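These notes are about the structure you will find just below.
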Amino acid sequence: MIPTLDEAATVTGAIAAARAALPGAEVIVADAGSGDGTAEAAAAAGARVLVAPGARADAMNAGATAASGDVLVFLHADTHLPAGAGPAIATALTRAAAGAFRIGFDRPRPLVERMVNARSQLFKIVYGDQALFVSREAFDRVGGYRPLPIMEDRDLATRLRRDGGLVIVPLAVTTSARRHRSDGHARALARNWLIQVLYTLRVPPERLARMYPPAR
């Protein structure tokens, strides 16, 4: 399940990687009304395309509702699943109801990668660019994504961890460092960590969303 808004430049790569890593899987793109041909590119790449205006949480819930499988994988349009993702997910779901991958960037950021992966492993705090996966039963049981403008991925992961456990698999996805390139590495890193700290301190997501550039 891939939510998109103006991701024509990235979505075909994400779909191709997902189809290679998960042979036979249904790939659904929930598009918010892109003006750059994202929906057409996704369809040409073999994905089923849904029109899903609204926040990213709404799009992912729409995709989950439309999906026919017993396991749901939520993937950002600039993130590629690794080879071996299918067996890794299957193994993880014998131990817990949900899981996520380690993270790697298309332009390596060794310090950031080590910090994020250590946090994920120690505290099971994960975000959407780590390709969260979950059994449909557990997803439905916790009520899916809440309608939050930001941090919807961490919120869901936290509820899944409390419900049936969450596993970090040893494989890493490859995600784009484009935010770091466009905003500046230090600035992007500082902003992201500030938002995470403020969220932990229970600052409302509606306020935090003003600090982060719009994304789908």
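The values are calculated or read from the model by the stated rules, or taken from the named source; none is laboratory data. The model shown is predicted, which means the values in this text are computed figures rather than measured ones. Here the Cβ is made from the backbone with ideal geometry for all residues, glycine too, and neighbour counts use every protein chain on show. When the accessible area is computed, the model is the full protein with side chains, heavy atoms only, and any ligands, DNA or RNA have been set aside. Shrake-Rupley method; radii C 1.70, N 1.55, O 1.52, S 1.80 Å.
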* Just to be sure, is Arg146 in contact (Cβ under 8 Å) with a residue 40 or more places away in the chain and out of contact with any helix residue (DSSP H, G or I) (no Cβ under 7 Å at 6 or more places or on another chain)? -> no
* Structure fact -> Just one listed residue, out of Arg154, Arg162, is in a helix (DSSP H, G or I), open to solvent by 50 Å² or more (accessible area, probe 1.4 Å) and not hydrophobic (A, V, I, L, M, F, W, C), and it is Arg162
* **Selection from the stretch 4-28 of residues that are surrounded by 22 or more Cβ atoms within 10 Å (Cβ to Cβ), touching a residue at least 40 places away in the same chain (Cβ under 8 Å) and among the β-branched types (Val, Ile, Thr)** => Thr4, Val11
* Based on what the data block shows, is Gly37 touching a Leu at 6+ places or on another chain (Cβ under 9 Å), over 19 Å from Ala100 (Cβ atoms) and surrounded by fewer than 18 Cβ atoms within 10 Å (Cβ to Cβ)? -> no
* **Residue in the stretch 66-115 that is modelled with the highest pLDDT, counting only those that are acidic (Asp, Glu) and surrounded by fewer than 19 Cβ atoms within 10 Å (Cβ to Cβ)** => Asp70
* Asked: What about Pro108, is it outside any helix (DSSP H, G or I) and without any contact (Cβ under 8 Å) to a residue 12 or more places away in the chain?
  -> yes
